[in-house]
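In what follows, a single structure is set out as structure tokens and then discussed.
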Amino acid sequence: GGIITQTPKFLIGQEGQKLTLKCQQNFNHDTMYWYRQDSGKGLRLIYYSITENDLQKGDLSEGYDASREKKSSFSLTVTSAQKNEMAVFLCASSPTGGSNTEVFFGKGTRLTVV
Amino acid sequence: AQSVTQPDARVTVSEGASLQLRCKYSYSATPYLFWYVQYPRQGLQLLLKYYSGDPVVQGVNGFEAEFSKSNSSFHLRKASVHWSDSAVYFCAVSMPYAQGLTFGLGTRVSVFP
């Protein structure tokens, strides 16, 4: 088995601040994802990466940057935090980019913007 | 538009009772189908998945789901729930040659003794 570790678990930022969330996986999976979870809105895909140094935009990429420096890590940057924003960011990975493979999730980073 | 619909935002059920959670999808082709569960302050965990074949699939912890092509549905059920089944349940789909999962809004299940 493996694990996906997201840091930090809780993140409090100020309006306009650039914030970075980090994710590490030891599954040796090729594909990694960032999802945003809002209450009442389910999960929405922000970015994904099918291999090291690859980046693909999801449905919610505006306002975010991502970086896949190596196979095991995938970071997400909120380029300018929005006041009163509250959401959980979930990192995930899967063995390949194939659509029928299981996706494994981390426990999330909870963002609050004051 | 392609979508995944979970019509029930919240479900309350007594311990020992049966549970059914509904999921309908709207896609031009049959997608791959998944049910995930999220316990408080946890990530999502896979309960079961359907790709093809027998429309009834078995998952973990006594859960099963039934695929219906004619109804474009993939409903989850459990014969007898336990208080530990209290969680949020997400239906998700992925399309062949596409990346990532598309999720429904989730159903929050509360099990009372």
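The values are calculated or read from the model by the stated rules, or taken from the named source; none is laboratory data. Predicted model only: the values in this text are computed from it and were never measured. Virtual Cβ from ideal backbone geometry, glycine too; neighbours counted across all protein chains shown. Areas reflect the complete protein model, heavy atoms only, side chains present, ligands, DNA and RNA absent. Shrake-Rupley method; radii C 1.70, N 1.55, O 1.52, S 1.80 Å.
Tabulated data for the structure shown
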{"item": "Every residue from segment A:1-17 that is surrounded by fewer than 21 Cβ atoms within 10 Å (Cβ to Cβ), closer than 20 Å to A:Ala66 by Cβ and of a type in the set (Val, Ile, Thr)", "result": "A:Thr5, A:Thr7"}
{"item": "Some residue of segment A:88-109 being surrounded by fewer than 20 Cβ atoms within 10 Å (Cβ to Cβ), over 10 Å from the mean Cα position of the chain (by Cα), in contact (Cβ under 8 Å) with a residue 12 or more places away in the chain and part of a strand (DSSP E or B)", "result": "no"}
{"item": "Residue check, B:Arg77 surrounded by 14 or more Cβ atoms within 10 Å (Cβ to Cβ), away from chain A (no Cβ under 11 Å) and either touching a helix residue (DSSP H, G or I) at 6+ places or on another chain (Cβ under 9 Å) or farther than 17 Å from A:Phe104 by Cα (or both)", "result": "yes"}
{"item": "Candidate set from segment A:18-68 (those that are surrounded by 21 or more Cβ atoms within 10 Å (Cβ to Cβ) and among the small types (Gly, Ala, Ser)); member that is nearest to A:Gln6 (Cα to Cα)", "result": "A:Ala66"}
{"item": "Verdict on A:Lys18 being farther than 29 Å from B:Lys49 by Cβ and in contact (Cβ under 8 Å) with a residue 12 or more places away in the chain", "result": "yes"}
{"item": "Matching entry among B:Arg108, B:Arg41 (being open to solvent by 50 Å² or more (accessible area, probe 1.4 Å), within 11 Å of chain A (Cβ to nearest Cβ) and outside any loop (DSSP other than H, G, I, E, B))", "result": "B:Arg108"}
{"item": "Test result for B:Gln99, farther than 17 Å from A:Thr101 by Cβ, within 10 Å of chain A (Cβ to nearest Cβ) and either in a loop (DSSP other than H, G, I, E, B) or free of Cβ contacts under 8 Å to residues at least 40 places away in the same chain (or both)", "result": "no"}
{"item": "Long-range neighbours under 9 Å by Cβ, at least six apart or interchain, first residue within 12 Å of chain A (Cβ to nearest Cβ) within segment B:15-37, second among the acidic types (Asp, Glu) and surrounded by fewer than 16 Cβ atoms within 10 Å (Cβ to Cβ)", "result": "B:Phe34/A:Glu102"}
{"item": "Residue in segment A:90-107 that is touching a Leu at 6+ places or on another chain (Cβ under 8 Å) and more than 9 Å from chain B (Cβ to nearest Cβ) present", "result": "no"}
{"item": "Meets criteria (in a strand (DSSP E or B), at pLDDT below 95 and either in contact with a strand residue (DSSP E or B) (Cβ under 8 Å, 6 or more places away or on another chain) or closer than 17 Å to B:Met95 by Cα (or both)) for B:Leu47", "result": "no"}
